[in-house]
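What follows is a single structure, written as structure tokens, with notes after it.
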């Protein structure tokens, strides 16, 4: 990944009727970056992708691609290609004809097209499928053909709109590795849209978390997971305990009446804050060793770990642990200082969704 | 095979047999309907068409009637007029269906409703209305002369019949094309654009081929009734334009020779079947393939 900006979205606003889908969105995408737009449905992630692809025109704002304004350019005039949700293959053409479509439009030579098709089919591990019809392929195979069809055109950017959404779990996981391999082999920029946080964490260089038309946080997967900027991000990425608390002083926070040591500074004395603690970061210890005491109220075996709920200081705490504490047993709760993530509490509804520029 | 398995297999077979019998029972009303209203009349036409009027012996004379120059001329005119009407319907219907597709559901279903609305009125009534409009002293010419424009005399010409066919059968072209077009995923169109195709290339290489099944069934649904009509040519053609449908009608109702009428019907049926066979060749995945 280089530091050169390839795509720059400037003050993008998009409305459908009365509902604002994107409000003054600013975002840049770097060359060779794997950037994921992540959020719940209706958050504006697909609209953002469609604006980059040219299938939607923003009401306000500009799309800069490689230094040039392409806001009003038709999709066929842009140097990028899209892999659509549910594949969108041309069902009346063979696999070869599907892949050749873009190259034939650009009037490439027969030999060039043939070489490209061979190369692309090998790249997506579907050698020898050229004469089949799309309907005779499985979902995963169709998706790989859709990718092959896009990349033979040598786009600078590949846009992927929930490409794995229609696949089953196992296939989805395989395709994630496939996509990472493809990106490394091709050395191009991927812009990926998904609502699946696991997909985003696995594949991305950069994750953009969106909600209700606003960017909530931009950062590496580790940053997004470990240091969520607000309650929405913390809640959307993985499971978490989000608790109202008060900052006593620097590096000390009062959670439900008990003081916890943390690593955050600069919040000011007695400032109300939100605290995020990941369930796997809570240690269950002997009652007398804990910072607070509680009682286990439920226990579920999840395979990798046990999921427990602990009632302590008037609240259910979600805990993931490989060690079992039976229901009804008394336990102590401890959290390491660096596992406590402090966030400013929004003072009004409006503030809950804020635009945050890329770090 | 163990005994248990044998019993199991037998039970399974029995169950399946029962299922099959049940299915046959459920289908029986349709089969009876087909027999009474489709198979029997077909055999009757074939019987009359291939027998002599006087003594009921086998003859090809009724079929050979088509070689009579008057009948041949009528058949040729029928084919010409129905091909022209079908083409006009296609050229009108495809853009309309494309526009309907691009509208949102609420508005497009309203417009589809508008197109279907005239079909709720009696077919004869609609055609007679056109007669009143196109007559020498009809509504159209009254308006034209009021505006001091030259009057049109298209009643009792082929043009009037084509107009009548297009007016009556246009919805049968629009609906199947529209039905196929709305099933095309928007992203398939977007994908073509994304891969560099402009609007025209997308239409020719993606939309048109994908909508072919609808076009084919539209053509069938306009061409066949146009080819066999006698009502439209009666009302809008006077006695001046004689189509093969009129010839057959006269054999039954005026000449009172049902053998001759049936013979000519058989010939016409061959043309209809031939045209459909030709179309189905271009339409391997057509929705109407059950016909073949």
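The values are calculated or read from the model by the stated rules, or taken from the named source; none is laboratory data. Keep in mind the model is a prediction, meaning the values are calculated, not measured. Quick reminder, even Gly has a Cβ in these numbers, built from the backbone with ideal geometry, and neighbours come from all protein chains shown.
Is at least one residue of the stretch B:74-96 closer than 22 Å to residue B:211 by Cβ, touching a residue at least 12 places away in the same chain (Cβ under 8 Å), over 18 Å from the mean Cα position of the chain (by Cα) and assigned by TED's automatic domain parsing to the domain that holds residue B:175?
Within the stretch B:74-96, one or more residues are closer than 22 Å to residue B:211 by Cβ, touching a residue at least 12 places away in the same chain (Cβ under 8 Å), over 18 Å from the mean Cα position of the chain (by Cα) and assigned by TED's automatic domain parsing to the domain that holds residue B:175.
Considering only residues that are out of contact with any strand residue (DSSP E or B) (no Cβ under 6 Å at 6 or more places or on another chain) and not in a strand (DSSP E or B), look in the stretch A:291-325 and name the one that is nearest to residue A:243 (Cα to Cα).
Out of the qualifying residues, it is A:314.
Wholly within the stretch B:192-292, which helices (runs of 4 or more DSSP H) include no fewer than the required count, namely at least 1 residues that are touching a residue at least 40 places away in the same chain (Cβ under 8 Å) and touching a strand residue (DSSP E or B) at 6+ places or on another chain (Cβ under 7 Å)? Steps first, please.
Numbers: elements: B:199-202, B:208-228, B:231-237, B:244-253, B:258-281.
Output list reads B:258-281.
Just one of A:117, A:145, A:188 is within 20 Å of residue A:50 (Cβ to Cβ) and crowded, with 18+ Cβ neighbours inside 10 Å; which is it?
On the way: A:117 fails: within 20 Å of residue A:50 (Cβ to Cβ); A:145 fails: within 20 Å of residue A:50 (Cβ to Cβ).
Step by step, each of A:117, A:145, A:188 is checked, and only A:188 is within 20 Å of residue A:50 (Cβ to Cβ) and crowded, with 18+ Cβ neighbours inside 10 Å.
Are any residues in the stretch A:57-78 within 14 Å of chain B (Cβ to nearest Cβ) and surrounded by fewer than 17 Cβ atoms within 10 Å (Cβ to Cβ), and if so, which ones? Steps first, please.
Step one: list which residues in the stretch A:57-78 are within 14 Å of chain B (Cβ to nearest Cβ), which gives A:57, A:70, A:73-78.
A:57, A:73, A:74, A:77 - these are the residues of the stretch A:57-78 that are within 14 Å of chain B (Cβ to nearest Cβ) and surrounded by fewer than 17 Cβ atoms within 10 Å (Cβ to Cβ).
All but one of (1) at pLDDT 90 or above; (2) touching a strand residue (DSSP E or B) at 6+ places or on another chain (Cβ under 6 Å); (3) facing another protein chain (nearest Cβ under 10 Å) hold for residue A:149, so report the exception by its number.
(2)
So residue B:45 ticks every box in (1) in the same structural domain as residue B:212 (by TED's automatic domain parsing); (2) in contact (Cβ under 8 Å) with a residue 24 or more places away in the chain but one. Which box is left unticked?
It fails just one condition, (1).
With the requirement that a residue be more than 12 Å from chain B (Cβ to nearest Cβ) and in contact (Cβ under 8 Å) with a residue 60 or more places away in the chain, what does the stretch A:131-146 give you? Spell out how you get there, then give the answer.
As a first pass, look at the stretch A:131-146 and keep what is more than 12 Å from chain B (Cβ to nearest Cβ): A:131-132, A:136-144.
Within the stretch A:131-146, A:143 is the sole residue that qualifies.
I need a count of the residues in the stretch A:208-223 that are farther than 18 Å from residue A:47 by Cβ and crowded, with 18+ Cβ neighbours inside 10 Å.
Let us first name the residues in the stretch A:208-223 that are farther than 18 Å from residue A:47 by Cβ, namely A:217, A:219-223.
Checking which are crowded, with 18+ Cβ neighbours inside 10 Å leaves us with A:217, A:219, A:221.
Counting residues in the stretch A:208-223 that are farther than 18 Å from residue A:47 by Cβ and crowded, with 18+ Cβ neighbours inside 10 Å gives 3.
Within 21 Å of residue B:168 (Cα to Cα), surrounded by fewer than 18 Cβ atoms within 10 Å (Cβ to Cβ) and modelled with pLDDT under 95: does that describe residue B:111?
Judged against the criteria, residue B:111 is a match.
Can you tell me which residue is modelled with the lowest pLDDT among those in the stretch A:79-98 that are more than 8 Å from chain B (Cβ to nearest Cβ) and surrounded by fewer than 23 Cβ atoms within 10 Å (Cβ to Cβ)?
A:79
Of the numbered conditions (1) more than 14 Å from chain A (Cβ to nearest Cβ); (2) in a helix (DSSP H, G or I); (3) at pLDDT below 95, residue B:162 satisfies every one except a single condition; which is it?
It fails just one condition, (3).
Going through the stretch B:180-191 one residue at a time, which ones are more than 7 Å from chain A (Cβ to nearest Cβ) and either buried (at least 18 other Cβ atoms within 10 Å of the Cβ) or not in a helix (DSSP H, G or I) (or both)?
If the condition is that a residue be more than 7 Å from chain A (Cβ to nearest Cβ) and either buried (at least 18 other Cβ atoms within 10 Å of the Cβ) or not in a helix (DSSP H, G or I) (or both), then B:180, B:181, B:182, B:183, B:184, B:189 are the ones that fit.
Given the criterion outside any helix (DSSP H, G or I), more than 9 Å from chain B (Cβ to nearest Cβ) and touching a strand residue (DSSP E or B) at 6+ places or on another chain (Cβ under 8 Å), identify the matching residue among A:128, A:165.
Numbers: A:128 fails: touching a strand residue (DSSP E or B) at 6+ places or on another chain (Cβ under 8 Å).
Of A:128, A:165, the one residue that is outside any helix (DSSP H, G or I), more than 9 Å from chain B (Cβ to nearest Cβ) and touching a strand residue (DSSP E or B) at 6+ places or on another chain (Cβ under 8 Å) is A:165.
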